[in-house]
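Please read the structure below before turning to the comments.
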Amino acid sequence: MKIGISAFAADGGKSGISQYMINVLQRLPRLDTDVRCVVFVPAAERALFEPAPSGTEIISVADWMAHPVASILWHLCLYPLLLKRHHCDCAFLPAGNRRLGLWYGVPSVSTIHDLSQLHVEGKYDPLRMFYIRRVLPLMMQRLTRLVSVSKSTRRDLVNHAGIQPEHIRVAYNGADLSGFANTLRAEARETVATALGIDAPFILYTARLEHPGKNHVRLLEAIALLKQRGLLSHKLVLAGSRWNGAEVIEDRIAQLGLVDDVIITGFVDAQLLPPLYAAADVFVFPSLFEGFGIPLLESMAAGTAVCAANVSSIPEVVGDAALLFDPREPDDIARQLERLLHDSALRLQLVGRGRKQAQQFSWDDAASGVLQQCYEAVAA
């Protein structure tokens, strides 16, 4: 079977969706030697998918095609022609909640990571919301088979996009956890102090600086409450790239008088993530909506106690290995953080559960789910 893959929306390797694309595309031809892949990718992001595994051909697309409007036209017009030219048996779109077409000329499979735009008010402008609410569901309905990265996303596909449940397979994300499990906390703190200048105890949140979806503002308000109550003994470290609304987050830090209490690192390279997680006393994840949440796996694998939002897919991912809160209530965030920071026995309990929970997810399983859907689509 030959699969033609649209590798658009890779975000320069700096998002959860990009991690998904890179890891799944590397594994597809390795899981089945009869599978060959043709990957169409904007030239500027070609290096993310190299070196290509045996059985995979990478074809560069002009970078201007990655512009949102041009990308829509590429998927509507050029993608079907390229699939035919390269004699593909199936189309696979690993970021279907961002890029889809209407017709492919061959059976089609797409991974839908989330429909967060339907749950987080103000995430996008009205024109883009019209596309997401009215056009994208029609495109999803024309797919032969779908993959969702959580049961939460599967429910949204059925309830909001009108997809038949039997056409959807849940295949959870994975994470490359090999470098996380063996990081010693003392060594990690030395590494973080040297590389990032962080030498005080800290709470960690790894997510792009995006407002309102990643919910930094309510987290900051919770930290301000702890400070007002004399309960803040830690810095808050925000690690992630600037995104839409980053200036709102930065302004709120100043408004709340937290300039000396919050550290923004910017994007953190992959090799520095294991010690960053391991050096933190608590990992907090207040996102208003997630299709999955790879940082949760990374933090649990690193042996850091997790305090997270009780919404969307997050309870699926953490199981009983996290303390949960209502992400729309700063007081509840503050209360659960204070509890975890001051209860060492609870932290140790969650660390033990978290290490076991993280081991249940793998990129091989994620890629296997995609491959099964591709075979089902071709056979349908």
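Points to keep in mind about this one:
- Subset of segment 6-61 (residues that are touching a helix residue (DSSP H, G or I) at 6+ places or on another chain (Cβ under 7 Å), in a loop (DSSP other than H, G, I, E, B) and of a type in the set (Gly, Ala, Ser)): ALA7, ALA9, ALA10, SER54, GLY55
- Residue pairs meeting the criteria (Cβ under 7 Å; at least 6 apart or on separate chains; first closer than 17 Å to LYS356 by Cα and not assigned by TED's automatic domain parsing to the domain that holds LEU276, in segment 302-318; second part of a strand (DSSP E or B) and not hydroxyl-bearing (Ser, Thr, Tyr)): none
- Residues in segment 182-200 that are in contact with a His (Cβ under 8 Å, 6 or more places away or on another chain) and in a helix (DSSP H, G or I): there are none.
- Looking only at segment 160-181, and only at residues there that are charged (D, E, K, R) and not in a strand (DSSP E or B), the one that is nearest to GLN360 (Cα to Cα): ASP176
- Restricted to segment 219-308, the set of helices (runs of 4 or more DSSP H) holding at least 1 residues that are surrounded by fewer than 23 Cβ atoms within 10 Å (Cβ to Cβ), among the polar types (S, T, N, Q) and out of contact with any His (no Cβ under 9 Å at 6 or more places or on another chain) comprises 246-255.
- Across segment 315-331, a minimum of one residue is classified as charged (D, E, K, R), surrounded by fewer than 24 Cβ atoms within 10 Å (Cβ to Cβ) and in contact with a strand residue (DSSP E or B) (Cβ under 8 Å, 6 or more places away or on another chain).
- Extreme residue, surrounded by the most Cβ atoms within 10 Å (Cβ to Cβ), among residues of segment 168-202 that are under 25 Å from ILE314 (Cβ atoms) and of a type in the set (S, T, N, Q): ASN173
- Residue selected from segment 98-114 under the condition part of a loop (DSSP other than H, G, I, E, B), under 19 Å from the mean Cα position of the chain (by Cα) and in contact (Cβ under 8 Å) with a residue 60 or more places away in the chain, by the criterion surrounded by the most Cβ atoms within 10 Å (Cβ to Cβ): ASP114
- Among residues of segment 213-235 that are outside the structural domain of GLU121 (by TED's automatic domain parsing), those with a Cβ under 6 angstrom from a residue that is among the aliphatic types (A, V, I, L, M) and in a strand (DSSP E or B), sequence gap 6+ or separate chain, pair up as ILE223/LEU236; HIS234/ILE203; LYS235/ILE263.
- Of the residues making up segment 339-380, those that are crowded, with 16+ Cβ neighbours inside 10 Å, in contact with a helix residue (DSSP H, G or I) (Cβ under 7 Å, 6 or more places away or on another chain) and either at positive phi or part of a helix (DSSP H, G or I) (or both) are LEU340, ARG347, GLY354, ARG355, GLN357, ALA358, TRP363, ALA366, ALA367, SER368, VAL370, LEU371.
- Selection over segment 322-364 of residues that are more than 19 Å from the chain's Cα centre (by Cα) and small (Gly, Ala, Ser) gives a count of 4.
- Picking from residues in segment 251-263 that are of a type in the set (Asp, Glu) and free of Cβ contacts under 8 Å to residues at least 24 places away in the same chain, the one that is nearest to GLY122 (Cα to Cα) is ASP251.
The values are calculated or read from the model by the stated rules, or taken from the named source; none is laboratory data. Computed from a predicted model, the values in this text were never measured in an experiment. Neighbour counts are summed over all protein chains in view; Cβ atoms, including those assigned to glycine, are modelled from backbone coordinates with ideal geometry.
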